[in-house]
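Quick notes on the structure that follows.
Where a number appears in this text, it was derived from the coordinates with a stated rule and is not lab data. Quantities reported herein were computed from a predicted structural model and do not represent experimental measurements. Using ideal geometry, Cβ is built from the backbone for each residue, glycine included, and neighbour counts are taken over all protein chains shown.
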Amino acid sequence: MVKQSNYGIGIDVGSTTTKAVLIDSTGKVRARYLLATGASAKKSIQRCLDELVSQSKQDLSGITMISTGYGRSQANFVSKSVTEITCHGIGIHSLNKEIQTLIDVGGQDSKVIRIGSNGRPTDFELNDKCSAGTGRFLEVMAQVLEIPIQELGSLALKAKSPSVISSTCTVFAESEVIGRIGAGDTPANIAAGIHKAMAAKIATLSQRVGVVKPVAVTGGVALNPGFRFYLAKQLQTELWVPDEPQYTGALGAALLAIDTHE
Amino acid sequence: MSQKTTTEPPKEKAYRKLYTSKLLRETMTLHILSTKTASQNGRLVWVTSGFPVEIPVAFDTVAAYPEQYGAIVGSEKCGPLLCGFAEELGFSQELCSYARSSIGSVKKPEQSPLTGLPIPQALLACNNICGTVLGWYEAVSEMTGAPVYLVDTPPLEGDQPPHHLAYVKSNLEGLITFMSETFNQPYDEEKLLQVADLSNTAVNLWTKSLEACKNKPSPLNCADRFLSMAPIVALRGTQQAIDFYQAFYGEVKERVKQGLGAIREERVRLLWDNIPPWFTIYNFFNTLAKKGVVFPADSYTHAWSANIPRGEALESIAQVYSKIWLNKGLSAKIDKMCNLIKDYELDGFVLFSVRSCKRYSLGQMVTKEVITRRTGVPGVIIEGDMVDSQQYNEAQAETRVDALLEMIL
Ligand code: SF4
């Protein structure tokens, strides 16, 4: 194995998934991996690192690593921990220098970040107290509708007339959805109503920071076309989504690792 | 060649302890003892933090502060237990945790720190801080039999109109009658003026100590001020308060002269807004001290810095106690915080949104926006409570403050 000292690793230990990215000094991604965080953050971090080794065929010892995300302190062997706010800012800026506002919607939290000229955040709002406006909200609703979560977004796009789901609270919205099923609304219309409610919640969070265009969306939920559609409509702007939106925080951490090293 | 030593030098702490903290402890212990004696002698009053305490002091009564007791409950980490006692009585979890823990301690003193506050002979509330205090004191009145007197100070925007002043003054006249009757003692205006003078002397020493934090490094951190404010709250108008603040200001001046900061290495200067989370006060501020973060100013401890002007005693007191920030609306508070940021040369601010205290926490989102627009420095809001630790999540607070530091550094 070749040992590389001019590489950087970023590990984003989120509440739902752990992501790791290995980059070289030009910022090119050499390996990446994502898995469910599960009960032990430490184990999932180790699994991620093992994967980076096998994908890149590199000896990772001695490479600067930075951890981020809510479980960042669990990775006690890293050289530094940086908050997910800063890492997402740096990550999105490296992918698209134009972006002024980033909306990141993860499994159990969501955040809106105003990006400064060098990618550093200048302001942010974080929702990590309530599952409304997070991936968890959509998961619960998909369960009620008995639809696989991966299909919920595309189903919503087939709606003719979205159901009205007025509550953004996961518990209340769940009973509303049950009510809509009882009233005979189609699954597509209900799915659309769910995404509209979710978009409304995220829009409120965004307004607190101020939505300056262009706007990017990242996190696992950014892969959901129904959510993107209704959020764009709600914010009245186009949304830019990177190819692999879940890795943005880990990428930012890896870029900071290269900086630290240099 | 260097020789290997077997004993490591003791690691220096990130913060410096005040030597006057010993005197502070003694002063407050004596005060607690005096409240017990006063209760036995039928001369104890409970007062709210913004109450014109000079009046009961001039009537030779001793004042105990349930809010200060709440701070003790919080520091002793028994907030959830005592709040729970009040909740068992039917009080809502949304009620201020100072009120809940106070009511809880009256219900079960045997399970409360210091076996609760001694039973009062009168409950004196002033709603210049919030409306909660009246309902709270009425509940305690039902349980203890002590009568309540309310000094009503309607909210004020801008200057105080004459009819407002006249109304508050009439409330103070009512208080005089209430005190004379309850404690069987005539009103002595000359004595009240003397007490006001003593109060002013202590307030001046306190204010000078706070203002010394404009120095770099700052001689005091947030926890230092929150603990040392105890006598300015509880002993205003007494010689004991003056004695303490003379020593305290002496230490502050000494630190400034020697260039000694409250923390070893000052890198970032922040403003703190609101009551602190008492149950983790040291942990919170000392963890940040290790990162080089000091809080030279806060919006809370500066609240006790108004002088009672010489003149007709009740009119002067009515003026001062109507105009405390909480009674003056959001824009006065925002102005004050912007000024603190400029005058103390601060790099950012932390607004603590206290679940209990709606009056103090309302409007923080707008406040954050306006302060940044006016001063150019960033800030964050963290959520929690001062006593009820169930409402506070350390990891969430830490992420927000760390992100703020990453923006500044
Ligand atoms: S609500 Fe706020 S101002 Fe009122 S007593 Fe409680 S902490 Fe004090």
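Can you compute the charge dipole magnitude of segment B:200-278 about its Cα centre, using +1 on each Lys and Arg Cβ and -1 on each Asp and Glu Cβ, nothing else charged? Give it in debye, rounded to the nearest 20.
Numbers: 11 positive and 8 negative charges, 47 e Å.
Around 220 debye, computed over segment B:200-278.
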If the only charges are +1 at each Lys and Arg Cβ and -1 at each Asp and Glu Cβ, what is the size of the charge dipole of chain A around the Cα centre, to the nearest 20 debye? 140
To the nearest 20 debye, what charge dipole does segment B:1-143 have about its Cα centre, counting +1 at the Cβ of each Lys and Arg and -1 at the Cβ of each Asp and Glu? 760
One would report the antiparallel percent of DSSP beta bridges in the protein assembly as shown, rounded to the nearest 5, as 40
Per-residue mean of C-beta atoms belonging to partner chains within 10 Å, peptide B:368-375: 1
Trypsin sites (Lys or Arg not before Pro), loop per DSSP, at most 15 other Cβ atoms within 10 Å - longest free stretch of chain A: A:161-262
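What average count of beta carbons from other chains do you get within 10 Å of the Cβ of residues in B:394-404? Don't skip to the end; give the middle numbers.
Working: counts 0, 5, 5, 0, 2, 11, 6, 1, 7, 13, 5.
Counting other chains' Cβ atoms within 10 Å and averaging over B:394-404 gives 5.
Which of rounded, prolate or oblate describes chain A when judged by the alpha-carbon gyration tensor and an a/c cut-off of 1.5?
Values: a/c = 2.40, a/b = 1.79, b/c = 1.34.
Prolate shape, in that a/c is at least 1.5 and a/b is the bigger ratio.
Once a ≥ b ≥ c are taken as the square roots of the eigenvalues of the Cα gyration tensor of segment B:109-185, is the result rounded (a/c under 1.5), prolate (a/b larger than b/c) or oblate (a/b not larger than b/c)?
Numbers: a/c = 3.26, a/b = 1.67, b/c = 1.95.
In terms of gyration-tensor shape, oblate.
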Points 7 angstrom from Cα along the Cβ direction at B:Glu189 and A:Lys129: gap in nanometres? 5.1
Run through segment B:1-104 and list the trypsin sites (Lys or Arg not before Pro) located in a DSSP loop whose Cβ has at most 10 other Cβ atoms within 10 Å. B:Lys4, B:Lys11, B:Lys17
Whether the protein assembly as shown is rounded, prolate or oblate, judged on the alpha carbon gyration tensor where a/c under 1.5 counts as rounded: prolate
Calculate the FRET efficiency for A:Lys160 and B:Gln246 from the Cβ-Cβ distance with a Förster distance of 60 Å, rounded to the nearest 0.05. 0.15
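I'd like the FRET efficiency for A:Ser25 and A:Lys57, computed as 1/(1 + (r/R0)^6) with the beta carbon distance as r and R0 of 25 Å, rounded to 0.05. Each step should come with its number before you reach the end.
Numbers: r = 18 Å, r/R0 = 0.71.
The computed FRET efficiency comes out at 0.90.
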If amide H atoms are modeled at 1.01 Å from N in the peptide plane, then the residues at a separation of 5 or more from B:Val151, or on another chain, having amide H under 5 Å from its own are B:Ala125, B:Cys126, B:Asn127
Charge dipole of segment B:295-405 built from unit charges on the beta carbon (Lys, Arg +1; Asp, Glu -1), centred at mean Cα; most positive-end Cα among B:Thr399, B:Gly329, B:Ile341 is B:Gly329
Ranking B:Trp206, B:Leu30, B:Cys126 by how far each Cα lies towards the positive end of the charge dipole of chain B (+1 on Lys and Arg Cβ, -1 on Asp and Glu Cβ), the top one is B:Trp206
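Below 8 Å, C-alpha to C-alpha, sequence gap of six or more: please give me the relative contact order for chain B in percent.
Numbers: 697 pairs, mean separation 78.4, N = 409.
Averaging sequence separation for qualifying contacts and normalising by length gives 19 percent for chain B.
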Once you average over the residues of A:78-87, how many Cβ atoms of partner chains fall within 10 Å of each Cβ? 3
Go through segment B:112-179 and name the GluC sites (Glu not before Pro) that are in a DSSP coil and have 15 or fewer other Cβ atoms within 10 Å of their Cβ. B:Glu157
Quick one: if you stick a label point 7 Å off each Cα along the C-beta vector at B:Lys290 and A:Ala36, how many nm between them? 3.4
Here, GluC sites (Glu not before Pro) of segment B:240-348 satisfying both criteria (DSSP loop; at most 15 other Cβ within 10 Å) are B:Glu265, B:Glu312, B:Glu345
Per the charge dipole of segment A:98-241 (beta-carbon charges, Lys/Arg positive, Asp/Glu negative, Cα centre), the residue among A:Ile178, A:Thr204, A:Ile194 reaching farthest to the positive end is A:Thr204
Under 16 Å from B:Lys257, Cα to Cα: lysines that are on another chain or at least 8 residues apart: B:Lys208, B:Lys214, B:Lys216
Quick one: work out the % antiparallel among DSSP beta bridges in segment B:21-408, nearest 5. 0
Kyte-Doolittle at least -0.5, axis length at least 27 Å by Cα - qualifying DSSP helices, chain B: B:21-40, B:162-183, B:189-211
In whole Hz, the Karplus estimates of ³J(HN,Hα) for segment A:9-26 (6.51, -1.76, 1.60; θ = phi - 60°; x where Gly or Pro) are 10, x, 10, 10, 8, x, 6, 9, 10, 10, 10, 9, 9, 10, 10, 9, 5, 8
Excluding same-chain residues fewer than 8 positions from A:Lys19, which lysines have a Cα within less than 24 Å of its Cα? A:Lys3, A:Lys28, A:Lys42, A:Lys43, A:Lys57, A:Lys80, A:Lys97, A:Lys111, A:Lys129
Amide H partners (placed H, <5 Å) of A:Asp123, local residues excluded: A:Arg114
